[in-house]
Amino acid sequence: MLEPVRSREIPDLTDFLCGADLTVAGLDAPAVRLWARRDGAGIAASAGIELSADGRHALIRSTAVRPDLRGRGAGLAAATFAVDRARDAGASTAWLFSRRSGPFWERLGFARSTTGALAAALPDAQQVRLFRRTGQLDGEVAWSLALRG
C-alpha cells in the first residue's frame, strides 16, 4: 500500500528517485503529491502526480520500484495507483515523460504524444519548467492517457 510522503521524508525519496535515474525537481512543490510504499529495507516503490492549475491535467511522475522488486507487478501497481489518483483528483488527461519505459506505459494505455502538447497542458509543472530552463524539453519523450470518455 502506498502512503502519502511527508515533508520530512522528501530527502529519502529524493535519494530513492536519484537511484532510479528519475527527475527530482520540485518534489516539495505544493502541486506535487507523492506516495511511497516502505518495507524493512526502506522505500520499495513510489508514485506521484502534479496537477495543472485548472486541475484538468495531471503529470504522472516519480514512479519507481526498487530493483529487487522489479518484475513482480510492483511497478504496475505503483503506476496504476498514480493514474487512479490523477483520475480521483478530477484530471481528464494524464501525461508523463519517459524516454526509456514507453512499452511499460503503453500497457496502461498511454500513447506517445509531443512534448509541446504536454508543455501546453502543464506549463507550470516542475519537470516542464526544468526541461525548458535546461534546454532538454525537445529531447524528452511525452506520453498521454485520456482519463475520461
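The values are calculated or read from the model by the stated rules, or taken from the named source; none is laboratory data. Bear in mind the structure is a predicted one, so any value in this text is a computation, not a measurement. Using ideal geometry, Cβ is built from the backbone for each residue, glycine included, and neighbour counts are taken over all protein chains shown. Calculation scope for accessible area: heavy atoms of the full protein, side chains included, ligands and nucleic acids excluded. Shrake-Rupley method; radii C 1.70, N 1.55, O 1.52, S 1.80 Å.
Run down Ala78, Ala86, Ala94 and say which single residue is under 24 Å from Gly19 (Cα atoms), within 14 Å of the chain's Cα centre (by Cα), in contact (Cβ under 8 Å) with a residue 12 or more places away in the chain and open to solvent by less than 20 Å² (accessible area, probe 1.4 Å). Full working, then the answer.
Details: Ala86 fails: under 24 Å from Gly19 (Cα atoms); Ala94 fails: under 24 Å from Gly19 (Cα atoms).
That would be Ala78, the only listed residue that is under 24 Å from Gly19 (Cα atoms), within 14 Å of the chain's Cα centre (by Cα), in contact (Cβ under 8 Å) with a residue 12 or more places away in the chain and open to solvent by less than 20 Å² (accessible area, probe 1.4 Å).
Could you please give the count of residues in region 1-30 that are touching a helix residue (DSSP H, G or I) at 6+ places or on another chain (Cβ under 8 Å), open to solvent by less than 60 Å² (accessible area, probe 1.4 Å) and either free of Cβ contacts under 8 Å to residues at least 24 places away in the same chain or at negative phi (or both)?
Going through region 1-30, the residues touching a helix residue (DSSP H, G or I) at 6+ places or on another chain (Cβ under 8 Å) turn out to be 2, 5, 23-29.
Okay, now just the ones that are also open to solvent by less than 60 Å² (accessible area, probe 1.4 Å), so 2, 5, 23-27, 29.
Retained after the next criterion (residues that are either free of Cβ contacts under 8 Å to residues at least 24 places away in the same chain or at negative phi (or both)): 2, 5, 23-25, 27, 29.
Total satisfying the criteria: 7.
Residues checked against (1) among the polar types (S, T, N, Q); (2) under 8 Å from Trp143 (Cα atoms):
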| site | (1), (2) |
| --- | --- |
| Ser92 | yes, no |
| Ser101 | yes, no |
| Phe104 | no, no |
| Leu108 | no, no |
| Ala111 | no, yes |
| Ala117 | no, no |
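Do we have Glu50 as among the acidic types (Asp, Glu), closer than 16 Å to Ala94 by Cβ and open to solvent by less than 80 Å² (accessible area, probe 1.4 Å) here?
On the way: among the acidic types (Asp, Glu): yes; closer than 16 Å to Ala94 by Cβ: yes; open to solvent by less than 80 Å² (accessible area, probe 1.4 Å): yes.
Spelling it out, Glu50 is indeed among the acidic types (Asp, Glu), closer than 16 Å to Ala94 by Cβ and open to solvent by less than 80 Å² (accessible area, probe 1.4 Å).
Right, Thr114: touching a helix residue (DSSP H, G or I) at 6+ places or on another chain (Cβ under 7 Å), more than 18 Å from Leu27 (Cβ to Cβ) and either open to solvent by 20 Å² or more (accessible area, probe 1.4 Å) or free of Cβ contacts under 8 Å to residues at least 12 places away in the same chain (or both) or not? Outline the logic, then answer.
On the way: touching a helix residue (DSSP H, G or I) at 6+ places or on another chain (Cβ under 7 Å): no; more than 18 Å from Leu27 (Cβ to Cβ): yes; either open to solvent by 20 Å² or more (accessible area, probe 1.4 Å) or free of Cβ contacts under 8 Å to residues at least 12 places away in the same chain (or both): yes.
Criteria not met by Thr114.
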